[in-house]
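First up is the structure itself, then whatever we jot down about it.
The values are calculated or read from the model by the stated rules, or taken from the named source; none is laboratory data. Just so it is clear, the structure is predicted and the values come from calculations on it, not from any experiment. Heads up, the Cβs are rebuilt from the backbone with ideal geometry, glycines too, and the neighbour counts pull from every protein chain shown. Only protein heavy atoms, including side chains, enter the accessible area calculation; ligands, DNA and RNA are left aside. Shrake-Rupley method; radii C 1.70, N 1.55, O 1.52, S 1.80 Å.
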Amino acid sequence: MSVEPVVIAGMAVEAPGGIETPEDFFAALADGVELIEPFPRDRDWPVDQVLALGALEGWGEVSDAGGFLRGAADFDPLFFGVSPREAVAMDPQQRVAMRVAWRALENTGINPAALRDHEVGVYMGASIAEYGPRAAAVNDYSGHRIAGTALGAVAGRISHVLGTVGPSMTVDTACASSLTALHLAANAVRSGECEWALAGGVCVMGSPGAFFEFAKNNGLADDGHCRSYSAGATGTLWGEGAGVVVVEPEGRARRLGHRIYGTVLGTRVNHNGGGGPIVVPSARAQQQLVDRTIAAAGVCPADVDVIEGHGTGTPLGDPMELEALQNTYGAARPADRPVLLGSVKSNAGHAQAAAGILGLIKVLQCGRHGMTVPSLYADDPTAAIDWDRGGLRLSTTTQPWQARGDRRYAAVSSFGVSGTNAHAIISMPVAESEAAHV
């Protein structure tokens with residue numbers, strides 16, 4: 001039995017540097033802009049303590065840098081039917097997720113106010129953010145905290161404000177969360193569990209806890225830059241972000257006149273298994289995942305021209321990922337026609353649960369514009385792998401992306417400290433102006 005293709009018909013994004021539209025996002029990436037800024041001083045964080053962690057024996061240095069959302073505290077509660085007191089008690093991830101989901105619907109051409117009782121799914125990646133005081137305390141926000149701090153409410157708030165009655169779940173597979181959410185959403189649409197769905201992820205840090213953890217593990221970039229796949233990489237750099245895409249059957253999208261940004265050809269999720277520390281990635285598991293996703297997508301790996309990798313900038317993680325990609329996509333391509341690899345983390349930092357969706361939206365925008373964009377610091381690739389062994393290369397410039405017939409093919413990867421790995425293969429149609437010359 002044939003299954004109708006699932007397409008991406010709308011998107012919205014918020015990224016560091018004040019970016020609030022997919023167009024501004026692409027413009028920054030195409031221009032090679034680094035969106036890193038100093039720590040926010042309006043979140044009541046112990047910034048001086050964080051920046052002094054390197055003075056502790058055995059701890060790594062913390063730079064005054066990260067990829068932070070400028071509008072994380074901005075929210076119009078009455079627009080979403082939320083009281084001001086309840087809004088303050090809400091994890092900002094819930095607020096940002098609602099705002100971005102609303103914009104994704106508008107980008108699709110869907111009236112968000114006309115969805116009550118519709119079988120629409122909501123699948124959102126998110127992770128605990130340590131926002132606000134402990135719930136086990138008496139304060140002005142007691143009573144609102146039970147929903148305000150619930151991880152499930154990130155997706156639940158979206159369904160509630162829209163009035164939709166389809167599946168609604170928040171997914172936490174750490175840094176693989178948003179691609180895992182896409183996987184679940186696409187499968188739900190294919191199986192008829194819902195008519196169509198919203199899928200994405202959000203990360204707003206309610207505390208600087210991630211900086212403490214990685215400073216103790218000496219896993220942070222010591223110069224405040226995320227140098228994905230670079231010889232100069234010393235660690236990752238934490239960031240924030242949010243993105244949502246609308247996924248629906250292709251026939252529905254065409255019937256309603258929705259723009260088709262891309263087709264979800266295949267997605268898969270797996271786990272590293274046991275045998276090592278849970279936070280240590282596995283090249284073997286990643287290679288198996290890529291192979292299975294290629295098989296599910298029904299594509300030739302040589303047709304995939306762009307890979308949006310995980311690329312955390314860690315000396316351990318990047319080489320393992322590169323090995324898996326070299327053994328799959330790289331092995332299918334000659335050196336004179338390489339597949340191009342990059343990571344949006346080099347621009348905006350590691351957005352954790354939202355990392356995969358930011359990478360996906362980057363790829364969709366590149367496909368829409370028919371251009372590949374540079375991965376920052378790619379001019380000094382790591383020597384941890386043999387680049388001459390296959391046709392895998394880092395993307396160093398903004399350049400035209402040649403279509404294959406009337407399509408462009410790309411892959412997106414995300415891997416989490418939970419041991420979960422996620423991979424997706426997307427095809428994107430050429431623009432009508434290009435199709436006239438194909």
Q) How much of the accessible area of the chain, probe 1.4 Å, is carbon plus sulfur, in whole percent? A) 52 percent
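At 1.4 Å probe size, with every protein chain present, just tell me what the per residue accessible area of segment 40-118 comes to in Å².
Here the per-residue accessible area is 50 Å².
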**Q.** Extension gain from Ala335 to Glu106, taking 0.36 nm per residue of separation minus the Cα-Cα distance
**A.** 78.2 nm
Q.
At 222 nm, what value in deg cm²/dmol follows for the chain if DSSP H runs of at least 4 each add -39500 (n - 2.57) and the sum is divided by all its residues, to the nearest 500?
A. -8500 deg cm²/dmol
Q. In nanometres, what is the gap between the two model label sites at Asp74 and Ala383, each 7 Å from Cα along Cα-to-Cβ?
A. 4.6 nm
(Q) What are the extents of the Cα atoms of the chain along their three principal axes, in Å, largest first? (A) 64, 59, 41
Q | Top of Phe68, Phe415, Phe211 by mean-square fluctuation, Gaussian network on the chain, Cα under 10 Å | A | Phe211
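Of all DSSP beta bridges in the chain, what percent run antiparallel (nearest 5)?
Antiparallel bridges make up about 65 percent of those DSSP assigns within the chain.
So if each residue of separation counts as 0.36 nm, and I subtract the Cα-Cα distance between Asp31 and Phe212, what length gain in nm does that give?
Details: separation 181, 0.36 × 181 = 65.16 nm, distance 3.23 nm.
Between Asp31 and Phe212, full extension yields 61.9 nm more.
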Q | At 0.692 mPa s and 37 °C, Stokes diffusion of segment 120-246 via Kirkwood alpha-carbon radius, µm² per second | A | 199 µm²/s
